[in-house]
Structures are given as C-alpha cells and as structure tokens.
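The values are calculated or read from the model by the stated rules, or taken from the named source; none is laboratory data. Keep in mind that what you see is a predicted model, and the values were worked out from it rather than measured. Virtual Cβ from ideal backbone geometry, glycine too; neighbours counted across all protein chains shown. These area figures cover heavy atoms from the full protein model, side chains too; ligands, DNA and RNA do not enter into them. Shrake-Rupley method; radii C 1.70, N 1.55, O 1.52, S 1.80 Å.
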Amino acid sequence: PIPTASHSLVSFTRAGSPSATCLIHFTKSDMSTMDVSSIVSQAYPTEPKQVAPTSSYPSSSRTASAGSSVGSIRRPSSSSSSSTSSQSPSLAHRATRFFGARCSSVLALCALTAAILTGDFLAFGRSKDALSNSLAGALGTFAEALSEGSLSTELTILLCLAALALGVCRPRPTARSQNARSAIRRKAAGKLPSGSSGPMTATSSGLQHDQQPRRNLAVSKLNQSIDAAARAGDATKALQLINEFEKTNGSLEVVSYNLGLRACAKSGKLKQAEQLLRSMEARNVTPTLCSYNTLLDVCAKADNAEACESWLHQMQRRGLEPNVISYATAIYARARRGDVVAAEAWLQRMIEAGIKPDAVSYNSVLHACGVRGNVEKAERWLGEMRAQGLEMSVATFTAVIDACAKSGDVARAEHWLEQMINAGVTPNVVTFSAMIDACARTRNLQRAEYWHGRMVEHNVQPNAHSFSAVINACAKLASEEGAEAAERWLDRSEEAGFASDVVVYSAVIDACGKANDAERALKTFNRMRARGLTPHIVAYAALARPFAYRGDWIKIESIAQLMAADNIVTNEYFLYAQLLAYGVARPRQPDRAEAAFRSALQKGVRSNDHVVGALARAVGRARCGELMQELCGGREVPAHHMRTTRSSNRHRTAAAEGQQ
C-alpha cells in the first residue's frame with residue numbers, strides 16, 4: 001500500500017508478465033469485496049482471463065500503517081493449474097523425442113557394426129565350416145568368434161562410438177521447425193487464437209517474438225527504477241528515466257507513466273505531472289482512472305484546488321467516472337484552505353453521483369471546519385458520521401478539537417478530548433498539541449502544562465510542536481514570569497532530545513521579546529547558535545522586537561548584519577522592528593529609516609500598514625507620503641500609526657524602568 005492524501009494505492013505484478021506492474025487505488029470497502037478478477041479487470045480490461053477469480057480480497061486498512069502489504073498477485077485457479085500440468089510432456093514422450101531425433105544416426109552405426117563384424121568373420125578360416133553346417137551351427141560359430149580378443153575389441157570400440165553419437169549427434173533444426181515450435185508456445189500461452197494451429201511462415205514474426213521478452217525485461221527494470229525514484233521523492237530522475245526510454249524504445253505502458261505521476265505527487269511537482277499526462281495522450285497512451293486520481297493528488301498537495309477541479313472535469317469529459325477517491329481528493333484540496341463551503345459542495349456532488357462518502361471524505365470536511373474554527377459545523381458533520389455508521393478515528397476528533405482551539409473554547413475542546421478517550425480512541429501528539437494550543441490562546445499556562453502532563457501519562461511521546469505549544473502559552477503571558485517559564489520548558493525540551501529544533505528556540509525568543517526581556521532573548525539566541533543551529537527569519541524578527549521598543553537601532557543593525565551573513569532575507573516583520581527602532585530612538589534616524597525601507601522594497605518585501613506606520617513615525621508623515629507616491633504607487637499613509645507610536649513609547653518607558 002502506498003499512502004496518498006486521502007486513500008491508498010496497491011502495486012502488483014501480473015503473473016507471467018514482468019512488465020505488467022499496475023497501480024490501483026483501494027478503499028476500505030473495496031478491500032473487503034474486491035476479488036482478483038475485478039482487480040485484473042481494472043488493470044487489464046482487454047485481458048480479463050489472465051488471472052482466474054479466487055476468494056475475495058481480505059479486509060484491510062487503507063494506509064500502510066495498518067499493516068497490510070500487497071506485493072505480487074500470483075493466484076492461478078485450479079483449472080489453469082491443471083491445464084498447465086497437462087501441457088507438460090510425459091517421460092515416455094520425452095524419451096520418444098530423444099531417441100527419435102537420433103534414430104538415423106543410431107541405425108547407421110548399427111548397420112556399420114554388423115557389416116564390419118560379418119566381414120571379419122568371413123575373412124577368417126572358420127567361414128567354410130560355419131557355412132557347411134546348419135544355421136544354428138553358423139550362429140554358434142559366430143558367437144565363439146566374438147568371444148575372441150580381436151572381435152571383442154572391435155565390438156567394444158564400435159559400441160562406444162555408437163553411444164557417443166547417441167549423446168552428441170543432434171539433427172539441426174530448420175527455420176520452419178523453429179517457427180512451428182514458437183507458434184506452439186505462443187498458442188499454449190494464449191497469444192494465438194484458438195483456431196490458428198499452423199506455424200509462423202514469416203521470419204520477421206519470429207524475430208519480433210524473440211525481442212518481446214527483452215523489451216518486457218527492460219520495461220520491468222525501468223519500472224523498478226522509477227518506483228525507487230518515486231519512493232525517494234526524486235521526480236526529476238523518474239521523469240528523466242521515462243524520457244530516455246521513450247527516445248530509444250518508443251511509448252511505454254500506462255503503468256510506467258503512473259509511477260512517474262506518483263513520483264511527482266510525492267515531491268509536489270504539479271507542472272511536471274501535468275506535462276507527463278499530456279505526453280501520455282500525445283503518444284496514444286490512454287490515461288486510466290488511477291492516472292487521473294494520482295494527478296488530482298498532486299494538485300491537492302500543491303494547494304491548487306482550481307487545477308484539481310479542472311482535471312476532475314476533464315476526466316469526466318474523457319468518459320471516466322470519478323470514484324470515491326476522486327471526490328475525496330477534491331474535498332481535501334478545498335479543506336486545506338479552510339474553504340468549508342466548497343468542501344461541503346463537493347461532498348454533496350459526491351452523494352448526488354451515487355457514491356457513498358467514506359470516513360476520509362468526512363474527515364476532510366471536518367479539517368476545513370478546524371482550519372476556520374467553525375465548531376458548530378464540525379460537530380454537525382461529526383454527528384453525520386455517527387448517523388452513517390462510519391468509524392471515527394483520531395483524525396476525526398482531532399479536527400473537532402482543533403476547531404475548538406481556533407475559536408478559543410477550551411471547555412469544549414476538553415469535552416471532546418474526554419469523549420475521544422471514552423470512545424476508546426487513543427489521542428496522538430497532534431491531538432494533545434491542539435488541546436495545548438487551545439489553552440495557549442486563552443493565556444492559560446496552567447491548563448497547557450496539565451495537558452502536556454496528561455500526554456506523557458498516556459505514553460505519547462512529545463515532539464517539538466508540543467513543546468512549542470506550551471512555550472507559546474508562556475509567551476501569551478507577556479511577562480517576566482512567562483519568559484522564565486519559557487526558559488524552563490526549553491531546558492525540558494533539550495533533555496527530551498529536541499535541542500536541534502529551531503522552532504522551539506524561536507518560541508522562547510518570542511516569549512522573551514513579548515516580556516521586553518532583550519537580554520534573555522539574546523542569551524537564548526546565542527544558545528541556539530552555540531548548538532550549530534542557523535536561526536531563520538522568525539527568530540531574527542523576534543530577537544529584534546525588544547531592542548526596537550528600546551530604540552536600540554545600533555543593536556538591530558548588528559542583527560541585520562548577522563542575517564546577511566546567514567543569507568537570510570529580511571521580511572516585513574523584521575523591517576517593522578527596524579523602522580520602529582529608528583522612530584523610537586532619540587534622536588530619530590529618518591535617513592537610516594528611508595534607506596532601510598528602499599532596500600527592503602528592492603528585495604521584494606511588501607509594505608503593509610504596520611510597516612508604513614513605523615516609517616511615518618521615523619521620517620514624518622509628510623515625507624512618508626512622498627515616499628508612498630514615489631515607491632508604492634500613491635498608497636495612503638494609515639492613520640493608526642499614532643497608536644503604534646504611543647504603544648512604542650510605553651514599551652520604551654518600561655524598558656528604561658527595567659534598566660534602572
């Protein structure tokens with residue numbers, strides 16, 4: 001099984017054809033009802049009799065984590081086995097073929113042996129006496145002569161030569177007999193119609209038959225190489241293998257292209273996947289439902305819902321009916337954006353098409369509700385799942401808890417987490433992290449630490465995100481107490497083995513910055529660099545914030561130099577802190593602020609209202625308006641920059657009191 005965004009794929013090889021590897025999507029309901037004949041009918045609709053139907057496929061989970069593993073399907077029926085055994089030659093038949101092929105050589109040697117012995121017998125003096133007697137006497141005399149040394153030696157030599165000829169001499173087959181044997185083998189393999197029994201008369205047909213196994217072997221090796229590249233996420237190599245084979249050997253089977261599409265899906269190469277499918281059509285290789293579903297998965301992972309829906313409509317125009325995987329992927333593409341309305345619309349289309357939604361489809365809609373924090377709709381769709389008798393997994397409850405966390409409803413989030421545990425569904429680290437996030441949004445550090453402890457009690461291993469969630473709860477306090485608590489949780493994360501995660505250190509720096517503790521923030525920053533970690537732009541922006549409130553533009557410029565040394569490009573958050581420092585400083589630094597603003601725009605940084613407000617504070621409102629006309633297309637200076645100035649003055653006063 002190969003997990004995708006919503007369902008699973010199964011890769012199998014048809015018995016007797018090493019190049020006929022196929023990828024087929026499976027759902028949980030399919031796995032419990034689909035037999036081998038229906039599998040083959042999906043993969044090879046023109047050859048439905050290659051594998052006979054057997055018992056139904058065992059029920060299995062839809063993802064690789066469930067423990068099911070399907071590698072190669074080789075299940076011939078009893079009838080096909082008996083026909084195969086009846087076609088194998090018997091021992092008597094083999095002996096007849098063996099001796100019959102050498103009959104002429106053996107008879108010739110026997111005649112030669114008899115002639116030599118008779119001539120030798122007649123050449124000696126006993127011939128007259130032997131002939132004068134009766135026939136029985138002549139034979140007796142001949143037998144006595146054979147017992148003598150000379151004739152025995154001759155007989156032994158001639159018999160050895162006959163045995164040697166029996167094993168070595170072999171009639172040379174003609175071209176007609178070779179073609180006849182090839183025709184018989186192809187007929188036995190089902191490659192000739194039942195009515196054709198004559199040998200192949202054209203020599204080119206025999207050559208093509210000899211070349212076909214070589215091509216099958218080459219295609220099989222190619223598919224293995226493409227599959228290895230797909231597992232490694234190397235779409236470039238997979239597509240290069242396909243292009244090179246097409247240049248030398250022509251078009252491929254559809255399975256090879258499907259493997260290339262899967263490589264694009266794993267690496268998120270949407271453009272390359274679309275080009276590959278168009279190349280299939282240009283080479284008269286008809287894409288299958290598996291081909292389109294894999295392309296839809298690429299679109300969903302690339303966060304391109306429009307392309308996903310466009311290809312789904314094109315698939316319908318080509319006469320292919322979407323299945324549950326097709327619709328579930330379209331729902332997932334919209335759910336990633338939090339587009340609840342569009343996700344619900346695709347679910348409704350799925351029902352109208354006569355396809356029953358599965359748990360994955362409902363979980364995608366729940367995910368959309370979680371992204372938007374729409375608790376009411378999340379609970380309604382969870383109730384719909386229960387009414388349909390679908391199994392609610394950890395992803396189902398986690399989506400509802402995440403919706404509660406986004407809306408800041410800690411009590412409801414805790415209610416659903418308790419319901420999850422009572423239902424026998426074991427929460428994972430994502431579930432507990434969502435619960436901790438809900439506590440952090442309400443600045444409830446105590447409950448965040450409580451649920452982190454519950455996670456450890458359930459033997460769930462914390463990760464960097466769970467530690468960051470608790471540290472974010474510390475940062476929400478925006479106090480010295482919160483900064484100290486964040487530093488303690490950093491120590492615990494290092495003890496747990498997450499000393500190499502930049503996100504955890506950035507969260508601590510953010511907590512120190514919100515507490516206006518620049519020294520502790522710089523200490524954590526240096527602690528991170530001492531471990532060999534390269535800070536990202538979020539860490540740099542968080543470090544610059546407390547120094548900006550102080551107006552310490554010299555320190556911020558030194559931080560900017562460190563950024564440049566690490567090849568980190570500035571963003572609007574760091575630019576805001578830098579401009580704020582120039583405006584809060586005494587005296588102000590308008591020239592430095594203008595130069596920094598121009599440089600940031602040249603690097604592609606977008607100027608939002610906060611950036612423009614900080615610029616107005618540093619250079620003055622009039623000059624800021626001129627810069628907006630010159631650099632930003634006449635953008636208006638926001639009026640709320642005065643509120644930013646008053647807030648900055650409060651932070652500067654607090655910083656001065658802290659230094660005193």
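Annotations for the structure displayed:
- Filtered residues of the range 432-444 (kept if touching a Leu at 6+ places or on another chain (Cβ under 7 Å) and over 16 Å from Gly482 (Cβ atoms)): Met435
- Filtered residue count, the range 285-331, keeping only those that are of a type in the set (Asp, Glu) and either touching a residue at least 40 places away in the same chain (Cβ under 8 Å) or in a loop (DSSP other than H, G, I, E, B) (or both): 3
- For the range 307-318, the condition of being among the charged types (D, E, K, R) and under 22 Å from Asn363 (Cα atoms) holds for at least one residue.
- Of all residues in the range 524-552 being surrounded by fewer than 15 Cβ atoms within 10 Å (Cβ to Cβ) and either among the polar types (S, T, N, Q) or over 41 Å from the mean Cα position of the chain (by Cα) (or both), the one that is farthest from Asn463 (Cα to Cα): Asn526
- All of Val584, Val569 fail the test of being among the hydrophobic types (A, V, I, L, M, F, W, C), within 23 Å of Asp510 (Cα to Cα) and open to solvent by less than 50 Å² (accessible area, probe 1.4 Å), apart from Val584.
- Which numbered condition Arg278 misses (of (1) closer than 24 Å to Glu321 by Cβ; (2) basic (Lys, Arg); (3) surrounded by 17 or more Cβ atoms within 10 Å (Cβ to Cβ)): (3)
- Matching residues in the range 589-636 - criterion: being among the charged types (D, E, K, R) and either assigned to a helix (DSSP H, G or I) or modelled with pLDDT of 95 or more (or both): Asp591, Arg592, Glu594, Arg598, Asp609, Arg617, Arg621, Arg623, Glu626, Glu630
- Boolean, Ser310 is of a type in the set (Gly, Ala, Ser) and open to solvent by less than 50 Å² (accessible area, probe 1.4 Å): no
- In the range 234-266, the qualifying residues are those that are in a loop (DSSP other than H, G, I, E, B) and open to solvent by 30 Å² or more (accessible area, probe 1.4 Å), and the one that is modelled with the lowest pLDDT is Ser251.
- Inspection of the range 336-352 finds no residue satisfying the criterion of being open to solvent by less than 20 Å² (accessible area, probe 1.4 Å), more than 19 Å from Ala300 (Cβ to Cβ), of a type outside the set (Phe, Trp, Tyr) and over 25 Å from the mean Cα position of the chain (by Cα).
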